[in-house]
1. Kirkwood Rh, the range 2-145, all Cα pairs: how many Å?
2. Around D58, what is the net charge, scoring Lys/Arg as +1 and Asp/Glu as -1 over all other residues with Cβ under 14 Å from its Cβ?
3. Taking Cα pairs under 8 Å and at least six residues apart, what relative contact order does the range 1-53 come out at, in percent?
4. Using the beta-carbon distance between K13 and E67 and R0 = 35 Å, what value does 1/(1 + (r/R0)^6) give for FRET efficiency, to the nearest 0.05?
5. Eight or more residues apart or on different chains, and alpha-carbon atoms under 21 Å: count the Lys pairs in the chain matching that.
6. Taking K and R as +1 and D and E as -1, what net charge do the other residues with C-beta under 12 Å from the C-beta of A15 add up to?
7. Please identify the trypsin sites (Lys or Arg not before Pro) of the range 25-64 that satisfy two criteria: DSSP loop assignment and at most 16 other Cβ atoms within 10 Å. Which are they?
8. Report the gain in length on full extension from Y143 to Q82: 0.36 nm times residue separation, minus Cα-Cα distance, nm rounded to one decimal.
Amino acid sequence: MVGHDLLIKTFKKLAEAGNLSHSYLFFGPQGVGKKTAALGLARYLEYSSWDDERILIDAQFINALEESGIDTMRSASQFLWQKPALSSRRILVIDRADNLTLPAQNAILKISEEPPPHALIILLVKNPNVLLPALQSRFQKIYFH
């Protein structure tokens, strides 16, 4: 990820110290590395390598352009409550989260209010202000330029 070396280093240190938040909101223009960062973090947590190419077991990626409803979020919640197999966390990444329906956003809000201890949720959006204010307040915001 060109230009995001400090961010990668910070996330690695947080992961090693066990100090990751349970939820992050990666925002910024399309094509600046939000999805790559989320994938790298999942790989790092599972295989201790940001660039590992192996299949991820403890991560689920959802594209909200294709799956944006409440049923998808119920399935994601069940995924998060399962114990991780290889990673220290079960990771849910929702790309284009600005396309989530209102019930789906409320479901993510409920999960983020009482998350499983090993859950990590990452929402990827261009503009965080399109999400419910209560949902935004539960997530650590990381801007990608």
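1. 15.0
2. +3
3. About 29 percent, as a whole number.
4. The formula returns an efficiency of 0.60 here.
5. 16
6. +3
7. Qualifying residues, ordered by number: R54.
8. Roughly 19.0 nm would be gained on extension.
None of the figures in this text is laboratory data; all of them are computed from the coordinates on show. As the structure is a prediction and not an experimental result, all values here were calculated from the model. Glycine also receives a Cβ, built like all others from the backbone with ideal geometry; neighbour counts cover every protein chain displayed.
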